[in-house]
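J.: Have a look at the structure that comes next, please.
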Amino acid sequence: MNSPNGSSLTAAGSPAAPCSNAEASRLAAEVASLAGETKTAAVILALKERLRRLQRQSQTTANRQASLVNRLDQIALRCAGRPIGDRRSAEAILGYGPMGLPTCW
């Protein structure tokens, strides 16, 4: 959309921000030309598509983390349910005496 003086306007009627990056402008023009749409439409569509990909990727990561937490919880429950094989204290198993000093020198 253009203003009465010929400058570009957004759909809301405000002036369009000029693209100061030459590569971004060139890429937007190339995509717009191939797609038969305006540069603005090409940029908006590209950003929407990228946003959807990033959201899907973020959701996949969250699902993977939840799955890992669930698996670790299952392992912890299985281990907690096992009988205790050695009744000695942790200190005794590690080789420390009642004074906290190593007993196996």
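The values are calculated or read from the model by the stated rules, or taken from the named source; none is laboratory data. Please read all numbers here as calculations on a predicted model, not as lab measurements. Because the Cβ atoms are built from the backbone with ideal geometry, glycine has one as well, and the counts that use them run over all protein chains shown.
J.: Which residues, taken from the stretch 37-67, are β-branched (Val, Ile, Thr) and either touching an Asp or Glu at 6+ places or on another chain (Cβ under 9 Å) or within 19 Å of residue 26 (Cα to Cα) (or both)?
T.: Here is the first cut: in the stretch 37-67, the ones β-branched (Val, Ile, Thr) are 38, 40, 43-44, 60-61.
Residues satisfying the conditions are 38, 40, 43, 44.
J.: While we're on this one: Say whether the condition of being among the polar types (S, T, N, Q), part of a helix (DSSP H, G or I) and at pLDDT below 95 is met by at least one residue in the stretch 73-88. Show your work before the answer.
T.: Going residue by residue through the stretch 73-88, those that are among the polar types (S, T, N, Q) are 74.
Keeping just the survivors that are part of a helix (DSSP H, G or I) gives 74.
Imposing the further condition that a residue be at pLDDT below 95 reduces the set to none.
No, the conditions are met nowhere in the stretch 73-88.
J.: Residue 36 - would you say it is at pLDDT 95 or above and at positive phi?
T.: Details: at pLDDT 95 or above: yes; at positive phi: yes.
When the stated conditions are applied, residue 36 passes them.
J.: Taking the stretch 33-43 as the region of interest, how many residues are of a type in the set (A, V, I, L, M, F, W, C) and closer than 18 Å to residue 20 by Cβ? Quick ask: steps written out before the conclusion?
T.: Initially, the stretch 33-43 is screened for residues of a type in the set (A, V, I, L, M, F, W, C), giving 34-35, 41-43.
Checking which are closer than 18 Å to residue 20 by Cβ leaves us with 42-43.
The qualifying residues number 2.
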